[in-house]
Amino acid sequence: MTIVGQDLSVVLESWHEKARCKGWDPEIFYPDRGVPSASAKAVCRECPVQPDCLDYAISRDERFGIWGGLSERERRKMYRERQRSSIRARAHFA
């Protein structure tokens, strides 16, 4: 896939390469149910590409792990809130 003249893998690689989690054990970003995710979220809080990571996960409906500092449940909530805001905005301008 090409995005504005760039191959998608190049676009993804560019933010992935800058991610603070690069090189960390992936296990901390995929905790078992009931296991605290504070250590993964702490890594994300200091990450320069946290918004890109979060957008990536939301746009692809990523259902597992900590992405952009949020759990799957937190991302679902954010997605629903965005949807409601979008619907309200469309209704207001209709």
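Out of Arg75, Arg90, Arg60, report the one residue that is surrounded by 10 or more Cβ atoms within 10 Å (Cβ to Cβ) and farther than 17 Å from Glu17 by Cα.
Exactly one of Arg75, Arg90, Arg60 is surrounded by 10 or more Cβ atoms within 10 Å (Cβ to Cβ) and farther than 17 Å from Glu17 by Cα, namely Arg75.
If you go through the stretch 62-73 one residue at a time, how many are under 10 Å from the mean Cα position of the chain (by Cα) and either more than 15 Å from Pro36 (Cα to Cα) or not aliphatic (A, V, I, L, M) (or both)?
Here the count works out to 7.
Can you tell me which residue is nearest to Pro51 (Cα to Cα) among those in the stretch 74-92 that are of a type outside the set (A, V, I, L, M, F, W, C) and within 12 Å of the chain's Cα centre (by Cα)?
So, considering only residues that are of a type outside the set (A, V, I, L, M, F, W, C) and within 12 Å of the chain's Cα centre (by Cα), the one nearest to Pro51 (Cα to Cα) is Arg75.
Coordinate-derived values only; no laboratory data. Keep in mind it's a predicted model, so treat the numbers as computed, not measured. All Cβ positions, glycine included, derive from the backbone under ideal geometry; neighbour counts span all protein chains shown.
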